[in-house]
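Below is one structure, written out as structure tokens; the observations come after it.
The values are calculated or read from the model by the stated rules, or taken from the named source; none is laboratory data. The structure displayed is predicted, hence computed values, not measured ones. Cβ atoms come from the backbone with ideal geometry, glycine included; neighbour counts cover every protein chain shown.
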Amino acid sequence: MLLEIDGSYGEGGGQILRNAVALSCLTKTPIKVTNIRANRPNPGIKAQHYIAIKSIAEICDAKISGFEIGSSDLTFKPGNPKGGLYKFDVGTAGSMTLIFQACILAFFQSEEKISIRLTGGTDVKWSPSWDYFQYVFLPLIKKMGITVHPKLILRGYYPKGGGEAMITLNPCDKLKPLQLSVEPEYNEIQGNISITNLPDHISTRIKHTVSKIFLKNELLTDIDIEKSTSLSPGVGVTLWSETKDTILGTTALGEKSISSEEVGQTVANALFQEIQSYSTLDVFAFDQILPYMALAKKNGVSSCYVRELSSHASTNMWLLQQFFDDINFEANQNEDNFLIKVR
């Protein structure tokens with residue numbers, strides 16, 4: 001019997017499709033996803049979603065129908081994951097980090113070590129930057145018992161992509177709850193500005209702007225500049241602040257029509273907003289960590305402070321309840337944030 005998922009529910013984007021397929025593989029539940037991205041200007045499966053599904057399907061030897069670009073319905077019947085090294089080409093600058101995240105969710109409980117090497121975009125719009133993935137997301141799930149070894153080979157920016165990276169995912173013996181309900185104190189900002197095929201003054205001006213904003217708010221900064229070459233020019237900045245318990249992060253990409261100072265202001269103000277809210281997970285990390293918090297419920301209650309509940313997070317909660325009807329999400333609003341408990 002197939003579990004039917006309405007792909008147009010809530011936020012209704014590619015996230016439902018990727019996470020539904022990943023959870024299908026993880027739980028060995030055959031699914032049918034209907035109305036895929038039905039409310040979007042170009043509905044159906046897009047190229048970047050296609051590669052994510054193809055990656056998971058190949059690793060777990062799944063049986064699929066309706067699997068083509070533009071399809072609005074997909075049936076996915078998972079098999080058993082097999083260890084080894086897998087290589088996939090995302091094409092152009094499709095997000096590699098979103099594919100890696102889907103594969104980690106699908107296979108973190110597999111019995112064998114799995115390595116995945118991708119070619120595509122490392123730092124692209126509407127997805128975690130490589131540095132956010134490496135320095136925020138992966139350390140957070142490591143606290144829950146999931147060990148992933150990342151390796152960046154080459155940056156890839158829009159439109160040509162051509163970046164390369166790989167991860168090695170070790171089997172997780174026990175998923176631990178994430179308990180982050182003590183209000184934190186953030187003292188230092190770390191970061192990385194990656195720049196390829198562009199003048200040095202761009203990254204220097206971004207760094208100066210970021211440092212100035214945090215210095216004004218009595219926060220120290222330690223920001224690196226990483227210069228490299230790629231098929232397309234690009235600049236991206238990722239900032240994070242770490243305590244002994246957790247990490248907050250934000251990211252931004254440069255664009256032709258936006259000054260370096262604006263890029264620096266955007267990313268610095270976004271992180272400072274998270275810090276001021278006394279959050280223990282930033283808005284984006286909360287959305288990405290939610291599935292693991294839900295899966296860890298049998299070993300205890302997970303909890304965190306988050307600045308706001310995004311539409312992505314609400315959609316994710318709904319999707320998780322389609323797979324696990326005994327999950328309870330509690331959200332208590334405080335003056336500065338929400339206290340979330342998953343039990």
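Things worth noting here:
- Test: residue in region 197-209 that is under 21 Å from ALA93 (Cα atoms) and at pLDDT 95 or above: yes
- The listed residue being in the same structural domain as LYS125 (by TED's automatic domain parsing) and basic (Lys, Arg), out of LYS87, LYS63, LYS32, LYS54: LYS87
- Within region 52-67, tally of residues that are without any contact (Cβ under 8 Å) to a residue 60 or more places away in the chain and in a helix (DSSP H, G or I): 8
- Scanning region 79-121 for residues being surrounded by 24 or more Cβ atoms within 10 Å (Cβ to Cβ) and of a type in the set (Ser, Thr, Tyr) gives a total of 2.
- Complete set of residues in region 94-122 that are in a loop (DSSP other than H, G, I, E, B) and more than 16 Å from the chain's Cα centre (by Cα): GLN109, SER110, GLU111, GLU112, LYS113
- Complete set of residues in region 226-268 that are hydrophobic (A, V, I, L, M, F, W, C) and buried (at least 17 other Cβ atoms within 10 Å of the Cβ): LEU231, VAL235, VAL237, LEU239, TRP240, ILE247, LEU248, ALA252, LEU253, VAL263, VAL267, ALA268
- Qualifying residue in region 219-240 (condition: under 19 Å from TYR186 (Cβ atoms) and in contact (Cβ under 8 Å) with a residue 60 or more places away in the chain): yes
- Extreme residue, nearest to ILE31 (Cα to Cα), among residues of region 299-316 that are among the aliphatic types (A, V, I, L, M) and buried (at least 20 other Cβ atoms within 10 Å of the Cβ): ALA313
- Candidates LEU26, LEU17, filtered to the one that is out of contact with any Ser or Thr (no Cβ under 6 Å at 6 or more places or on another chain), touching a residue at least 12 places away in the same chain (Cβ under 8 Å) and farther than 20 Å from TRP126 by Cβ: LEU26
- Within region 301-316, residues that are within 16 Å of ARG18 (Cα to Cα) reach partners that are charged (D, E, K, R) and assigned to a helix (DSSP H, G or I) with beta carbons closer than 9 Å, at six or more positions or on different chains, in the pairs HIS312/ASP287; ALA313/ASP287; THR315/ASP287; ASN316/ASP287.
- Single residue of ILE223, ILE213 found to be touching a Lys or Arg at 6+ places or on another chain (Cβ under 6 Å) and farther than 30 Å from TYR86 by Cβ: ILE223
- Within region 1-51, the set of residues being in a loop (DSSP other than H, G, I, E, B), among the hydrophobic types (A, V, I, L, M, F, W, C) and either in contact with a helix residue (DSSP H, G or I) (Cβ under 7 Å, 6 or more places away or on another chain) or buried (at least 20 other Cβ atoms within 10 Å of the Cβ) (or both) comprises ILE36, ILE45.
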